[in-house]
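Novice: Before anything else, here's the structure in question.
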Amino acid sequence: MPHVNFSRSAKGGGNKGSSGRLVTYLEKENIDKPLLDRELFFSHDSDGVMPDQVKHEIDNNVKGLGKNDQKFYEFSVSFSQKEMAHLNEKGGDIKDYVRDVMDEYAKNFNREGIESGKDIKYFAKVERERRYPDKAYNEDLKVAYSHNFKLKDELRTARVNVDEKAIKRIENGFVRNSEGTVVLPGNLKDGDNTHVHIIVSHKDANMSKKLSPLANHREGKITGINAKGKVGFNRDNFVDKVETRFDQKFGYSRDLNEMYRFKLDKTLSQAQGKMSEIMRHAKDPEKLPEAMAQKVLDTVIKTVKDKSKQQLLKAWNPKLKANDIKKLEAAALRLSGAGKGVQKKVAEKMIKDLAKGLKTMKNLANVTPHGIVLNMASSIIQKSVSSAMKDKSQELAK
(Lines give C-alpha, C1' and ligand atoms only; values in the text may rest on other atoms or scores of the structure.)
Protein backbone atom coordinates (compact mmCIF):
# COMPACT_ATOMS: atom_id res chain seq x y z
CA MET A 1 0.00 0.00 0.00
CA PRO A 2 1.19 3.61 -0.44
CA HIS A 3 2.76 4.41 2.93
CA VAL A 4 1.46 7.61 4.57
CA ASN A 5 3.52 9.11 7.38
CA PHE A 6 2.27 12.14 9.33
CA SER A 7 5.10 13.93 11.10
CA ARG A 8 4.35 15.21 14.61
CA SER A 9 7.15 17.75 14.29
CA ALA A 10 8.25 18.92 10.88
CA LYS A 11 11.69 17.82 9.65
CA GLY A 12 14.28 20.54 9.90
CA GLY A 13 12.55 22.19 12.89
CA GLY A 14 9.20 22.71 14.60
CA ASN A 15 6.01 23.76 12.86
CA LYS A 16 4.91 26.64 15.10
CA GLY A 17 7.08 29.17 13.30
CA SER A 18 8.38 29.61 9.77
CA SER A 19 8.40 26.76 7.24
CA GLY A 20 11.81 27.94 6.03
CA ARG A 21 13.88 25.24 7.71
CA LEU A 22 11.64 22.47 6.38
CA VAL A 23 11.70 23.92 2.85
CA THR A 24 15.51 24.09 3.02
CA TYR A 25 15.68 20.51 4.28
CA LEU A 26 13.60 19.33 1.33
CA GLU A 27 16.10 20.94 -1.04
CA LYS A 28 18.81 18.45 0.01
CA GLU A 29 18.68 16.45 -3.25
CA ASN A 30 19.08 19.65 -5.30
CA ILE A 31 22.42 20.63 -3.75
CA ASP A 32 25.07 21.27 -6.45
CA LYS A 33 22.58 20.59 -9.25
CA PRO A 34 22.02 23.15 -12.04
CA LEU A 35 18.57 24.75 -11.97
CA LEU A 36 17.28 22.80 -14.98
CA ASP A 37 18.10 19.49 -13.27
CA ARG A 38 16.46 20.33 -9.95
CA GLU A 39 13.23 18.78 -8.69
CA LEU A 40 11.01 21.75 -7.81
CA PHE A 41 7.89 21.97 -5.66
CA PHE A 42 4.38 21.75 -7.06
CA SER A 43 0.92 22.74 -5.83
CA HIS A 44 -2.61 21.74 -6.80
CA ASP A 45 -2.54 23.87 -9.95
CA SER A 46 1.14 24.70 -10.57
CA ASP A 47 4.43 22.96 -11.32
CA GLY A 48 7.93 24.36 -10.95
CA VAL A 49 7.32 26.31 -7.74
CA MET A 50 10.51 27.78 -6.28
CA PRO A 51 11.43 27.26 -2.58
CA ASP A 52 11.13 30.96 -1.70
CA GLN A 53 7.56 31.02 -2.98
CA VAL A 54 6.67 27.94 -0.91
CA LYS A 55 8.04 29.55 2.25
CA HIS A 56 6.31 32.87 1.52
CA GLU A 57 2.87 31.37 0.86
CA ILE A 58 2.89 28.91 3.78
CA ASP A 59 4.26 31.49 6.24
CA ASN A 60 1.64 34.06 5.24
CA ASN A 61 -1.35 31.70 5.33
CA VAL A 62 -1.72 32.03 9.10
CA LYS A 63 -4.58 34.47 9.73
CA GLY A 64 -6.20 33.71 13.08
CA LEU A 65 -3.40 31.44 14.34
CA GLY A 66 -1.72 32.24 17.66
CA LYS A 67 1.95 32.20 18.56
CA ASN A 68 1.75 28.65 19.93
CA ASP A 69 -0.50 27.25 17.18
CA GLN A 70 0.95 24.90 14.59
CA LYS A 71 1.28 26.85 11.36
CA PHE A 72 1.69 23.91 8.98
CA TYR A 73 1.94 20.13 8.85
CA GLU A 74 4.16 17.78 6.92
CA PHE A 75 3.48 14.25 5.74
CA SER A 76 4.91 11.91 3.16
CA VAL A 77 3.56 9.35 0.72
CA SER A 78 5.92 6.55 -0.31
CA PHE A 79 5.57 3.36 -2.31
CA SER A 80 6.64 -0.26 -2.18
CA GLN A 81 9.16 -1.62 -4.70
CA LYS A 82 6.32 -3.54 -6.34
CA GLU A 83 4.18 -0.41 -6.66
CA MET A 84 7.08 1.58 -8.11
CA ALA A 85 7.85 -1.16 -10.64
CA HIS A 86 4.21 -1.01 -11.76
CA LEU A 87 4.31 2.80 -11.97
CA ASN A 88 7.51 2.77 -14.02
CA GLU A 89 6.06 0.19 -16.37
CA LYS A 90 2.82 2.11 -16.85
CA GLY A 91 4.46 5.55 -16.93
CA GLY A 92 2.27 6.85 -14.12
CA ASP A 93 2.33 10.54 -13.17
CA ILE A 94 3.12 10.78 -9.45
CA LYS A 95 2.36 14.52 -9.25
CA ASP A 96 -1.09 14.00 -10.72
CA TYR A 97 -1.66 11.19 -8.22
CA VAL A 98 -0.62 13.42 -5.30
CA ARG A 99 -3.22 15.97 -6.41
CA ASP A 100 -5.81 13.18 -6.20
CA VAL A 101 -4.48 12.38 -2.72
CA MET A 102 -5.01 15.99 -1.68
CA ASP A 103 -8.59 15.87 -2.98
CA GLU A 104 -9.15 12.98 -0.57
CA TYR A 105 -7.32 14.90 2.16
CA ALA A 106 -9.78 17.79 1.80
CA LYS A 107 -12.88 15.56 1.76
CA ASN A 108 -11.69 13.67 4.83
CA PHE A 109 -12.27 16.71 7.07
CA ASN A 110 -16.01 16.60 6.34
CA ARG A 111 -16.14 20.41 6.45
CA GLU A 112 -18.40 22.70 4.47
CA GLY A 113 -16.47 24.51 1.76
CA ILE A 114 -13.53 22.08 1.91
CA GLU A 115 -14.25 19.83 -1.04
CA SER A 116 -11.01 19.36 -2.99
CA GLY A 117 -7.29 20.07 -3.01
CA LYS A 118 -8.05 23.53 -4.42
CA ASP A 119 -9.42 24.46 -1.01
CA ILE A 120 -6.15 23.47 0.67
CA LYS A 121 -2.94 25.50 0.76
CA TYR A 122 -0.17 22.96 0.13
CA PHE A 123 3.07 22.33 -1.74
CA ALA A 124 4.64 18.98 -2.51
CA LYS A 125 8.05 17.73 -3.54
CA VAL A 126 9.09 14.43 -5.18
CA GLU A 127 12.28 12.89 -3.80
CA ARG A 128 14.18 9.91 -5.23
CA GLU A 129 16.61 8.97 -2.45
CA ARG A 130 16.45 7.56 1.05
CA ARG A 131 19.37 7.15 3.42
CA TYR A 132 19.93 4.79 6.31
CA PRO A 133 18.88 6.50 9.57
CA ASP A 134 21.09 7.26 12.55
CA LYS A 135 19.17 4.76 14.68
CA ALA A 136 18.40 1.21 13.50
CA TYR A 137 14.64 0.59 13.23
CA ASN A 138 14.73 -3.23 13.27
CA GLU A 139 16.94 -6.06 14.52
CA ASP A 140 18.49 -6.84 11.12
CA LEU A 141 19.64 -3.25 10.67
CA LYS A 142 20.90 -3.13 14.25
CA VAL A 143 23.07 -6.21 13.62
CA ALA A 144 24.35 -4.78 10.31
CA TYR A 145 25.26 -1.46 11.95
CA SER A 146 27.10 -3.17 14.80
CA HIS A 147 29.08 -5.37 12.40
CA ASN A 148 29.92 -2.56 9.98
CA PHE A 149 30.92 -0.04 12.66
CA LYS A 150 33.39 -2.58 14.05
CA LEU A 151 34.85 -3.19 10.57
CA LYS A 152 34.96 0.56 9.93
CA ASP A 153 37.23 0.99 12.96
CA GLU A 154 39.41 -1.92 11.82
CA LEU A 155 39.61 -0.41 8.32
CA ARG A 156 40.81 2.92 9.71
CA THR A 157 43.64 1.16 11.53
CA ALA A 158 44.56 -0.94 8.47
CA ARG A 159 44.78 2.19 6.31
CA VAL A 160 47.01 3.94 8.84
CA ASN A 161 49.30 0.89 8.76
CA VAL A 162 49.02 0.66 4.96
CA ASP A 163 48.09 -3.02 5.30
CA GLU A 164 46.67 -3.73 1.83
CA LYS A 165 45.83 -7.35 2.59
CA ALA A 166 43.87 -6.39 5.71
CA ILE A 167 42.12 -3.55 3.84
CA LYS A 168 40.91 -5.95 1.16
CA ARG A 169 39.73 -8.51 3.74
CA ILE A 170 37.82 -5.86 5.70
CA GLU A 171 36.26 -4.32 2.57
CA ASN A 172 34.97 -7.76 1.57
CA GLY A 173 33.50 -8.28 5.05
CA PHE A 174 31.14 -5.31 5.11
CA VAL A 175 27.37 -5.94 5.02
CA ARG A 176 26.20 -4.26 1.82
CA ASN A 177 22.84 -3.74 0.16
CA SER A 178 21.86 -5.04 -3.28
CA GLU A 179 23.65 -2.12 -4.96
CA GLY A 180 26.91 -2.70 -3.10
CA THR A 181 26.58 0.21 -0.68
CA VAL A 182 27.83 -0.40 2.85
CA VAL A 183 24.89 -0.40 5.29
CA LEU A 184 25.73 2.48 7.62
CA PRO A 185 23.87 5.65 8.74
CA GLY A 186 23.79 8.32 6.04
CA ASN A 187 24.52 5.98 3.13
CA LEU A 188 22.01 5.64 0.30
CA LYS A 189 19.47 2.82 0.44
CA ASP A 190 19.09 0.52 -2.53
CA GLY A 191 16.04 0.16 -4.77
CA ASP A 192 13.58 2.74 -6.09
CA ASN A 193 12.98 5.06 -3.14
CA THR A 194 10.70 7.58 -4.84
CA HIS A 195 8.46 9.32 -2.31
CA VAL A 196 6.66 12.63 -1.90
CA HIS A 197 6.82 15.19 0.93
CA ILE A 198 3.81 17.45 1.37
CA ILE A 199 3.76 20.72 3.33
CA VAL A 200 0.20 21.75 4.10
CA SER A 201 -1.01 24.86 5.89
CA HIS A 202 -3.00 24.62 9.13
CA LYS A 203 -5.47 27.09 7.58
CA ASP A 204 -7.42 26.41 4.40
CA ALA A 205 -6.65 28.36 1.21
CA ASN A 206 -9.08 31.15 2.22
CA MET A 207 -7.72 31.29 5.79
CA SER A 208 -11.23 30.81 7.16
CA LYS A 209 -10.89 27.35 8.74
CA LYS A 210 -8.33 25.46 10.80
CA LEU A 211 -7.63 22.00 9.40
CA SER A 212 -5.45 19.60 11.37
CA PRO A 213 -4.71 16.07 10.07
CA LEU A 214 -3.64 15.19 13.61
CA ALA A 215 -7.08 15.95 15.09
CA ASN A 216 -8.73 12.70 16.15
CA HIS A 217 -11.94 11.59 14.45
CA ARG A 218 -14.96 12.04 16.74
CA GLU A 219 -18.65 12.85 16.95
CA GLY A 220 -19.37 16.57 16.79
CA LYS A 221 -21.34 19.34 15.12
CA ILE A 222 -20.53 19.86 11.45
CA THR A 223 -19.74 23.52 10.80
CA GLY A 224 -22.48 25.29 8.85
CA ILE A 225 -24.91 22.39 9.15
CA ASN A 226 -27.54 22.00 11.85
CA ALA A 227 -26.65 18.39 12.44
CA LYS A 228 -24.10 16.18 14.12
CA GLY A 229 -21.67 13.92 12.34
CA LYS A 230 -18.04 12.83 12.24
CA VAL A 231 -15.54 15.68 12.54
CA GLY A 232 -11.78 15.70 12.83
CA PHE A 233 -9.51 13.68 10.56
CA ASN A 234 -9.92 9.91 10.20
CA ARG A 235 -6.39 8.80 9.31
CA ASP A 236 -7.40 5.18 8.74
CA ASN A 237 -10.04 6.27 6.23
CA PHE A 238 -7.58 8.63 4.54
CA VAL A 239 -4.91 5.95 4.07
CA ASP A 240 -7.57 3.59 2.72
CA LYS A 241 -8.65 6.22 0.17
CA VAL A 242 -5.03 6.93 -0.81
CA GLU A 243 -4.61 3.24 -1.55
CA THR A 244 -7.87 3.01 -3.53
CA ARG A 245 -6.96 6.06 -5.63
CA PHE A 246 -3.60 4.48 -6.51
CA ASP A 247 -5.18 1.19 -7.58
CA GLN A 248 -7.87 2.85 -9.68
CA LYS A 249 -5.62 5.45 -11.29
CA PHE A 250 -2.81 3.09 -12.27
CA GLY A 251 -4.75 -0.17 -12.73
CA TYR A 252 -2.87 -1.84 -9.89
CA SER A 253 -4.05 -5.28 -8.78
CA ARG A 254 -3.34 -5.36 -5.06
CA ASP A 255 -2.74 -8.59 -3.17
CA LEU A 256 -4.62 -9.10 0.09
CA ASN A 257 -1.51 -8.80 2.26
CA GLU A 258 -0.74 -5.41 0.67
CA MET A 259 -4.08 -3.90 1.71
CA TYR A 260 -4.10 -1.39 4.55
CA ARG A 261 -7.44 -2.63 5.89
CA PHE A 262 -6.13 -6.18 5.97
CA LYS A 263 -3.09 -5.14 8.00
CA LEU A 264 -5.23 -3.07 10.35
CA ASP A 265 -7.82 -5.84 10.80
CA LYS A 266 -5.01 -8.33 11.39
CA THR A 267 -3.73 -6.19 14.25
CA LEU A 268 -7.20 -5.92 15.76
CA SER A 269 -7.72 -9.66 15.35
CA GLN A 270 -4.57 -10.30 17.35
CA ALA A 271 -5.98 -8.14 20.14
CA GLN A 272 -9.27 -10.04 20.05
CA GLY A 273 -7.32 -13.30 20.22
CA LYS A 274 -5.64 -12.15 23.42
CA MET A 275 -9.05 -11.27 24.84
CA SER A 276 -10.43 -14.74 24.02
CA GLU A 277 -7.46 -16.41 25.66
CA ILE A 278 -7.97 -14.40 28.83
CA MET A 279 -11.69 -15.12 28.94
CA ARG A 280 -11.03 -18.86 29.01
CA HIS A 281 -10.04 -18.35 32.65
CA ALA A 282 -13.48 -16.95 33.49
CA LYS A 283 -14.64 -20.23 35.02
CA ASP A 284 -12.24 -19.53 37.86
CA PRO A 285 -12.67 -15.84 38.81
CA GLU A 286 -9.90 -16.08 41.39
CA LYS A 287 -7.33 -16.65 38.61
CA LEU A 288 -8.80 -14.13 36.20
CA PRO A 289 -6.97 -11.01 37.49
CA GLU A 290 -3.60 -12.75 37.33
CA ALA A 291 -4.20 -14.06 33.79
CA MET A 292 -5.50 -10.71 32.60
CA ALA A 293 -2.54 -8.87 34.10
CA GLN A 294 0.02 -11.17 32.56
CA LYS A 295 -1.44 -10.73 29.06
CA VAL A 296 -1.47 -6.96 29.33
CA LEU A 297 2.08 -6.97 30.65
CA ASP A 298 3.13 -9.14 27.70
CA THR A 299 1.86 -6.38 25.43
CA VAL A 300 3.46 -3.59 27.46
CA ILE A 301 6.94 -5.05 27.79
CA LYS A 302 7.28 -5.42 24.04
CA THR A 303 7.23 -1.63 23.72
CA VAL A 304 10.15 -0.89 26.01
CA LYS A 305 13.84 -1.64 26.20
CA ASP A 306 15.28 -4.74 27.91
CA LYS A 307 16.42 -2.84 31.00
CA SER A 308 12.91 -1.47 31.62
CA LYS A 309 11.45 -4.89 30.86
CA GLN A 310 13.42 -6.28 33.80
CA GLN A 311 12.19 -3.47 36.02
CA LEU A 312 8.61 -4.35 35.17
CA LEU A 313 9.06 -8.05 35.76
CA LYS A 314 10.76 -7.45 39.12
CA ALA A 315 7.94 -5.12 40.15
CA TRP A 316 5.29 -7.62 39.20
CA ASN A 317 3.80 -9.98 41.79
CA PRO A 318 0.80 -12.22 40.84
CA LYS A 319 -0.47 -12.19 44.42
CA LEU A 320 -1.56 -8.60 43.90
CA LYS A 321 -0.75 -7.23 47.31
CA ALA A 322 -1.38 -3.52 47.78
CA ASN A 323 2.34 -2.87 48.07
CA ASP A 324 2.95 -4.64 44.78
CA ILE A 325 0.42 -2.39 43.04
CA LYS A 326 2.43 0.61 44.26
CA LYS A 327 5.62 -0.98 42.97
CA LEU A 328 3.99 -1.49 39.57
CA GLU A 329 2.93 2.15 39.42
CA ALA A 330 6.45 3.21 40.41
CA ALA A 331 7.88 1.05 37.63
CA ALA A 332 5.65 2.89 35.17
CA LEU A 333 7.13 6.19 36.27
CA ARG A 334 10.66 4.82 35.79
CA LEU A 335 9.84 4.20 32.14
CA SER A 336 10.84 7.80 31.39
CA GLY A 337 13.56 7.56 28.78
CA ALA A 338 12.86 3.87 28.13
CA GLY A 339 10.93 4.43 24.94
CA LYS A 340 10.19 7.26 22.55
CA GLY A 341 7.14 9.34 21.72
CA VAL A 342 3.73 7.71 21.73
CA GLN A 343 5.03 4.21 22.51
CA LYS A 344 6.41 5.25 25.89
CA LYS A 345 3.24 7.17 26.78
CA VAL A 346 0.98 4.29 25.80
CA ALA A 347 3.10 1.86 27.84
CA GLU A 348 2.89 4.12 30.89
CA LYS A 349 -0.87 4.60 30.50
CA MET A 350 -1.50 0.87 30.11
CA ILE A 351 0.45 0.03 33.26
CA LYS A 352 -1.31 2.71 35.31
CA ASP A 353 -4.75 1.60 34.02
CA LEU A 354 -3.80 -1.98 34.77
CA ALA A 355 -2.69 -1.20 38.32
CA LYS A 356 -5.96 0.59 39.09
CA GLY A 357 -8.02 -2.11 37.43
CA LEU A 358 -6.30 -4.95 39.23
CA LYS A 359 -6.98 -3.34 42.58
CA THR A 360 -10.68 -3.24 41.76
CA MET A 361 -10.60 -6.76 40.33
CA LYS A 362 -8.93 -8.18 43.44
CA ASN A 363 -11.75 -6.87 45.64
CA LEU A 364 -14.53 -7.92 43.26
CA ALA A 365 -13.19 -11.45 42.76
CA ASN A 366 -13.95 -12.28 46.38
CA VAL A 367 -17.41 -10.74 46.76
CA THR A 368 -19.25 -10.70 43.42
CA PRO A 369 -20.83 -13.33 41.18
CA HIS A 370 -18.95 -14.71 38.22
CA GLY A 371 -20.78 -12.54 35.64
CA ILE A 372 -19.82 -9.21 37.18
CA VAL A 373 -16.20 -10.26 37.50
CA LEU A 374 -16.21 -11.32 33.88
CA ASN A 375 -17.64 -7.98 32.72
CA MET A 376 -15.16 -6.04 34.82
CA ALA A 377 -12.25 -8.02 33.36
CA SER A 378 -13.54 -7.44 29.85
CA SER A 379 -13.87 -3.70 30.42
CA ILE A 380 -10.38 -3.32 31.87
CA ILE A 381 -8.59 -5.40 29.27
CA GLN A 382 -10.46 -3.71 26.39
CA LYS A 383 -9.44 -0.30 27.71
CA SER A 384 -5.79 -1.31 27.86
CA VAL A 385 -5.72 -3.11 24.53
CA SER A 386 -7.57 -0.26 22.79
CA SER A 387 -4.79 2.11 23.88
CA ALA A 388 -2.23 -0.19 22.30
CA MET A 389 -4.32 -0.58 19.16
CA LYS A 390 -4.71 3.18 18.78
CA ASP A 391 -0.94 3.51 18.85
CA LYS A 392 -0.60 0.64 16.35
CA SER A 393 -3.16 2.22 14.04
CA GLN A 394 -1.17 5.48 14.01
CA GLU A 395 2.01 3.51 13.35
CA LEU A 396 0.39 1.76 10.35
CA ALA A 397 -0.78 5.10 8.98
CA LYS A 398 2.72 6.48 8.88
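Novice: How many residues are out of contact with any Phe, Trp or Tyr (no Cβ under 9 Å at 6 or more places or on another chain), among the basic types (Lys, Arg) and surrounded by 19 or more Cβ atoms within 10 Å (Cβ to Cβ) when one looks only at segment 116-163?
Specialist: 0
Novice: Filter segment 41-68 for residues that are of a type outside the set (Gly, Ala, Ser), in a loop (DSSP other than H, G, I, E, B) and in contact (Cβ under 8 Å) with a residue 60 or more places away in the chain and give the result.
Specialist: Those that are of a type outside the set (Gly, Ala, Ser), in a loop (DSSP other than H, G, I, E, B) and in contact (Cβ under 8 Å) with a residue 60 or more places away in the chain: HIS44, ASP45, ASN61, VAL62, LYS63, LEU65.
Novice: Working only within segment 1-36, note down all residues that are among the polar types (S, T, N, Q) and either surrounded by fewer than 18 Cβ atoms within 10 Å (Cβ to Cβ) or part of a strand (DSSP E or B) (or both).
Specialist: ASN5, SER7, SER9, SER18, THR24, ASN30
Novice: Can you pull out the residues in segment 84-101 that are in contact with a Phe, Trp or Tyr (Cβ under 7 Å, 6 or more places away or on another chain), part of a helix (DSSP H, G or I) and either buried (at least 21 other Cβ atoms within 10 Å of the Cβ) or not hydrophobic (A, V, I, L, M, F, W, C) (or both)?
Specialist: HIS86, LYS90, LYS95, TYR97
Novice: Mind counting the residues in segment 69-95 that are among the charged types (D, E, K, R) and without any contact (Cβ under 8 Å) to a residue 24 or more places away in the chain?
Specialist: So the count comes out to 2.
Novice: Residues that are in a helix (DSSP H, G or I) and in the same structural domain as VAL183 (by TED's automatic domain parsing): does segment 131-140 have at least one?
Specialist: Looking through segment 131-140, at least one residue is in a helix (DSSP H, G or I) and in the same structural domain as VAL183 (by TED's automatic domain parsing).
Novice: Just name the residue that is farthest from LYS118 (Cα to Cα) out of those in segment 37-60 that are polar (S, T, N, Q) and surrounded by 14 or more Cβ atoms within 10 Å (Cβ to Cβ).
Specialist: GLN53
Novice: Okay, next question. Could you please let me know if GLU104 is charged (D, E, K, R), out of contact with any Cys (no Cβ under 6 Å at 6 or more places or on another chain), buried (at least 16 other Cβ atoms within 10 Å of the Cβ) and in a helix (DSSP H, G or I)?
Specialist: The answer is yes for GLU104.
Novice: Okay, moving on. Given the conditions (1) within 23 Å of the chain's Cα centre (by Cα); (2) under 26 Å from GLU39 (Cα atoms), which single one is not true for ASN108?
Specialist: Of everything listed in (1) within 23 Å of the chain's Cα centre (by Cα); (2) under 26 Å from GLU39 (Cα atoms), ASN108 misses just condition (2).
Novice: Could I ask something else about it? If I filter segment 110-127 for residues that are closer than 16 Å to PRO2 by Cβ and assigned to a loop (DSSP other than H, G, I, E, B), do I get at least one hit?
Specialist: no
The values are calculated or read from the model by the stated rules, or taken from the named source; none is laboratory data. Keep in mind it's a predicted model, so treat the numbers as computed, not measured. Quick reminder, even Gly has a Cβ in these numbers, built from the backbone with ideal geometry, and neighbours come from all protein chains shown.
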